[in-house]
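Comments concern the structure below.
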Amino acid sequence: MRTFLGVLLALAIGALLWWGMQTKDERSELPSALAGRPAPGFDLELLPSSRASWGDRLDLSDFLGKKPIILNFWASWCYPACYEEAPVLETAWRRYRDRVMFVGVNTQDEIDKAEKFVSRFNLTFPNVYDPRGKVGIDYGMYGVPETFAISADGRVLGRHAGSIDAGKLDSMIREVLP
């Protein structure tokens with residue numbers, strides 16, 4: 001009888017795992033509580049690799065209301081999702097940099113590990129350091145990675161949770177371009 005119950009329990013757990021893998025990840029489709037509202041500003045220290053091009057700090061209010069922004073939250077410990085999307089973000093940045101500002105927010109990480117990540121993917125858009133994750137809280141972030149699209153007038157238009165692919169990122173960029 002114990003063997004039968006053990007097999008039954010194992011089958012039930014296996015069925016639940018199989019079902020969970022078959023369902024769509026709807027976390028990426030959760031709307032932002034900030035949708036249509038002004039994007040929260042912040043003033044944070046830039047990662048050392050971004051300082052030569054962008055200075056010591058980045059104040060988002062310097063860009064809010066002036067240029068569309070793609071804001072991406074990431075961490076070096078976010079594997080594989082952040083590793084999958086980093087080249088996608090860099091490619092889009094190089095394509096749209098004259099029309100859209102990209103800002104990376106490294107959250108709850110260690111600077112040396114974040115620097116290795118930036119170097120590995122040759123990220124050239126500015127990346128700020130948020131060791132306590134306060135900015136993520138301000139944006140209602142569920143976890144890394146998450147990407148927010150902010151319009152030229154400074155309003156949050158969209159949010160994508162999870163690794164972003166080129167198609168979804170292009171869609172978000174088209175949404176914020178005038």
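Among 69, 173, the order by Cβ neighbours within 10 angstrom, fewest to most, reads 173, 69.
Going through segment 111-159, which chymotrypsin sites (Phe, Trp or Tyr not before Pro) have at most 15 other Cβ atoms within 10 Å and a DSSP loop state?
Values: sites: 117, 121, 129, 139, 142, 148; in loops: 139, 142.
Hits after loop and neighbour filter: 142.
You can think of it this way: the chain between residue 3 and residue 45 has 9.2 nm of extra reach, that is 0.36 nm per residue less the Cα-Cα gap.
Taking label points 7 Å from Cα along the Cα-to-Cβ direction, residue 99 and residue 153 give a separation of 1.9 nm.
Loop-resident GluC sites (Glu not before Pro) (DSSP state other than H, G, I, E or B) in segment 97-178 with no more than 12 further Cβ atoms inside 10 Å of their Cβ are absent. Sorting 93, 77 from the fewest to the most surrounding beta carbons within 10 angstrom yields 77, 93.
Using 0.36 nm per residue of separation minus the Cα-Cα distance, give me the extension gain between residue 165 and residue 77 in nm, one decimal.
29.8 nm
Around the Cα centre of segment 26-176, unit charges on the Cβ atoms of Lys, Arg, Asp and Glu (plus for the first two, minus for the last two) sum to a dipole of about 320 debye.
Restricting to segment 26-176, compute how many DSSP beta bridges are antiparallel as a %, nearest 5.
Details: 15 of 25 bridges.
Taking every DSSP beta bridge with both residues in segment 26-176, the antiparallel ones total about 60 percent.
Scaled to the compact-protein estimate 2.2 N^0.38 Å, what is the alpha-carbon radius of gyration of segment 26-176, rounded to two decimal places?
Details: Rg = 13.6 Å, N = 151, 2.2 N^0.38 = 14.8 Å.
Here the Cα radius of gyration is 0.92 times the empirical estimate.
No lab work stands behind these numbers, since they all come straight from the coordinates. Every value quoted in this text rests on a predicted model; they were computed, and no experiment measured them. We place every Cβ from the backbone using ideal geometry, glycine too, and count neighbours over all the protein chains shown.
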